[in-house]
1. I need the full set of residues from the stretch 107-128 which are without any contact (Cβ under 8 Å) to a residue 60 or more places away in the chain, closer than 18 Å to Ile144 by Cβ and assigned to a strand (DSSP E or B), in order please.
2. Quick check on Leu445: is it at pLDDT 95 or above, closer than 30 Å to Gly388 by Cα, assigned by TED's automatic domain parsing to the domain that holds Phe382 and not in a loop (DSSP other than H, G, I, E, B)?
3. Every residue in the stretch 246-281 that is polar (S, T, N, Q), modelled with pLDDT of 95 or more and surrounded by fewer than 23 Cβ atoms within 10 Å (Cβ to Cβ), please.
4. Being farther than 28 Å from Ile134 by Cβ, among the aliphatic types (A, V, I, L, M) and at pLDDT below 95: is that true of Ala188 here?
5. Being touching a Gly at 6+ places or on another chain (Cβ under 7 Å), over 30 Å from Glu168 (Cβ atoms) and touching a residue at least 40 places away in the same chain (Cβ under 8 Å) narrows it down to one residue among Gly227, Gly267; which is it?
6. Tell me which of these Thr225 doesn't satisfy, since it passes every other one: (1) at pLDDT below 95; (2) part of a strand (DSSP E or B).
7. In the stretch 426-442, what residues are in a helix (DSSP H, G or I), of a type in the set (A, V, I, L, M) and surrounded by 20 or more Cβ atoms within 10 Å (Cβ to Cβ)?
8. Just checking, does the stretch 330-343 include any residue being on the phi < 0 side of the Ramachandran plot and assigned to a helix (DSSP H, G or I)?
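The values are calculated or read from the model by the stated rules, or taken from the named source; none is laboratory data. Given the structure is predicted, the values throughout are model-derived calculations rather than measurements. Cβ: placed from backbone, ideal geometry, glycine included. Neighbour counts: every protein chain shown.
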Amino acid sequence: MSKLKLTGKQIRAIGYEEGPVVSVAMHTMCTYFKHHTEEDALQILKDVLATPENYLTDAKLEKIANLLRLDNSPPSGELEGAIPLNEKGVEYNIFGAKHIEEGALLQMQIAAKLPVAVAGALMPDAHQGYGLPIGGVLATKNAIIPYAVGVDIGCRMCLSIFSIDPDELKKREANFQRELVASTLFGAGREFSERTEHEVLDRKEFSEINFLQPLQHKALKQLGTSGSGNHFVEFGKVEITDATNPMGLPVGNYVGLLSHSGSRGLGANIANHYTQIAMQKTVLPKEAKHLAWLDMDTEVGMEYWLAMNLAGDYASACHHTIHAKIAKAIGEKPLAMVENHHNFAWKEMYNGNEVIVHRKGATPAGKNVLGIIPGSMTAPGFIVKGKGEVSSLNSASHGAGRKMSRTKALANITHDALKRELKDHGVKLIGGGLDEAPFAYKDILEVMQSQTMLVDVLGKFHPAIVQMDGSDPRKFRKRKDEVVGE
């Protein structure tokens, strides 16, 4: 019997609101009800949604029930001991305001009114999310907000630059394409059948934090996988334009390998677990409930901090595993590697005081800090160096940012239009979907123009062969030494 596979889209279609509960429901059903049919599994979720109070003591379904109960609670003003928001929020700067939708602006206004907020900023790629908007930056005093970090903890970009003539990408397209498919796995829940050794798998946090112990095996199996959604691994042309770049590369053209993914099931479980605890400990008005925080001087606050950092290091290990496999397969060593992450929180100094800076979909851009800001599957990405702009809390955009929701993209973009766009730009797409089509994203050139005071551009990355979720590895010839997933 085939294993159950549910998507967030299916769960939202039966009435679940977007938020942590969707990924918790998906994980719960695919773990504990994996031999049920889709129809039966969705019916169970409908039953829990209808009467969550009946499942608060169910060993398998209690997490879903608890999140539903919190989501359906009355505004905190009606609850004893609720924490009110400040009437006036802290100051924050908006970059590229004309590109930002009203929903994201409203979410930033709410975040700025948190009693623990110190300062904020909104990046030009910002769009509405849950809790802190995607592209939102928030500094807090002695408090960590799990959902201002996000579900995909430590999601990051990683670029390897090789001394290969970019013309080889067309001449040997089939070879480069094969190595992309052979070196990682895309899709929710995907796992390798054999272990890849990495020191992050032996970190002490797995044994010292009780919640993490059962996640260690999942992390082992998913090391080097890439997930779904907007995650990708792609080859392209790197164009270095600044001779003074810290990478020490001469101006010219190279082949680049660029990847985007995060901490997989490990990060998602950490985010959902500690968000639930934060929402129970810090009761806020309904419009701010996903911004519930944990105090850093509490045991659970420090526990989340350690778990978050582990997830960030695990995400980095996933990228390095993928890049090492592909570099070995093509017989090259990278001349340089650039890596940066978002969906994370950092301890930084602001006005002489230590604060916790949350960057949910925002790139660290401290003085001389390197990063990559991608466009879309056909638009260029940018290799940048941060300027250390205090008014942005040392941050920049993490990409072009969505201008269409996934639902809107699926309803308005056709396969023919996507095929024409790919052909016009000479891009080979493996997998991918209409919800990730270039038309669903803002103009990366306009976004970059809105943050010239935040970063210097050192070069560009032009996509050529792009792999995303939805590819069928059976269509491609595998190497003999490939590790095949389940």
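1. Listed by number, the list holds a single entry, Ala117.
2. Considered against the rule, which asks whether it is at pLDDT 95 or above, closer than 30 Å to Gly388 by Cα, assigned by TED's automatic domain parsing to the domain that holds Phe382 and not in a loop (DSSP other than H, G, I, E, B), Leu445 comes out as yes.
3. The answer is Asn253, and nothing else.
4. So Ala188 fails the test.
5. Gly267
6. For Thr225, the failing item is (2).
7. The answer is Ala440, and nothing else.
8. Yes.
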